[in-house]
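For reference, the structure is listed below as structure tokens.
Just so it is clear, none of the values below were taken in a lab; they were calculated from the coordinates. Keep in mind it's a predicted model, so treat the numbers as computed, not measured. A quick note on method: Cβ atoms are made from the backbone with ideal geometry, for glycine too, and the neighbour counts reach across all protein chains shown.
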Amino acid sequence: MQELPLWDESSLLLLISATRRRMRQVAWRWLAPHDVTPQQYTVLMVLSERPGISLREVAELVWVDNPTASRIIKIMLERDLVVAETAPGHGRRLRLTLSAKGAALAQSLRQLRRHLIEGIETGLSEDDGAQIRKTLRILMSNLARMEAEGFTPDQLPATPPHRGH
């Protein structure tokens with residue numbers, strides 16, 4: 001297998017990282033007038049569609065770890081955007097819903113959400129979008145596997161795994 005250059009502007013890692021950074025920059029600029037961070041926006045959208053879910057479920061749905069989800073929810077609770085209630089039959093498990101203020105904010109951001117999605121996907125066919133989603137799911141699965149394997153830099157295999165087609 002041919003050795004990859006240390007810096008290749010067409011590498012998937014670089015392109016995905018750059019795309020993520022650029023999307024966050026656009027989202028920050030568009031969300032600033034609403035005093036909402038991109039992470040809070042994502043949680044608002046999730047809770048508007050799935051009220052009553054747990055913190056763990058929020059973390060899974062917004063692709064963050066539990067401590068990060070907890071910090072986001074804590075800020076949203078302090079801003080009266082979210083309500084946390086004890087789940088019936090579970091003394092420690094909380095059910096999260098949007099407060100009236102959070103629901104109103106989520107509603108006002110729906111058009112922005114539609115505009116962001118349509119803007120990002122302009123020029124893509126349905127097949128293009130489906131293929132990108134499939135590819136990104138594979139990449140996320142690979143990353144989860146890599147994390148579960150628990151490699152440290154001194155334990156990396158001598159040769160990278162074979163790329164499938």
Electrostatic dipole magnitude of the stretch 12-122 [Cβ: Lys, Arg +1; Asp, Glu -1; Cα centre; debye, to 20]: 180
With the convex hull built on the alpha-carbon atoms of the stretch 32-82, volume per residue in Å³ sits at 69
Could you check the spin-label model distance between ASN66 and ASP128? Points 7 Å from the Cα along Cα→Cβ, value in nm. 4.1
Which of ALA87, ALA27, ALA59 moves the most in a Gaussian network model of the chain with Cα springs under 10 Å? ALA87
In the calculated pair distance distribution of the chain, what percentage of Cα-Cα distances lie above 18 Å? 71
Gained length - ILE16 relative to ARG110, 0.36 nm times residue gap less alpha-carbon distance: 31.3 nm
With label points set 7 Å from each Cα along the Cα-to-Cβ direction at GLU149 and ASP80, the distance between them in nm comes to 5.1
Report the label-to-label distance for ASP35 and THR97 in nanometres (one decimal), using points 7 Å from each Cα along the Cα→Cβ vector. 2.4
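Given Cα pairs under 8 Å that are at least 6 residues apart, what percent is the relative contact order of the chain?
Across the chain, relative contact order equals 15 percent.
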In terms of the charge dipole of the stretch 87-132, which places +1 on Lys and Arg and -1 on Asp and Glu at the beta carbon, the residue among ALA87, THR122, SER108 farthest towards the positive end is ALA87
The chain: most fluctuating residue of LEU98, LEU14, LEU61 per GNM, C-alpha cutoff 10 Å: LEU14
Have a look at VAL26, VAL43, VAL82 and tell me which one the Gaussian network model of the chain (Cα, springs below 10 Å) gives the largest fluctuation. VAL26
Note to self, the chain gives a 222 nm [θ] from helices alone (DSSP H runs n ≥ 4, -39500 (n - 2.57) apiece, / all residues, nearest 500) of -20000 deg cm²/dmol
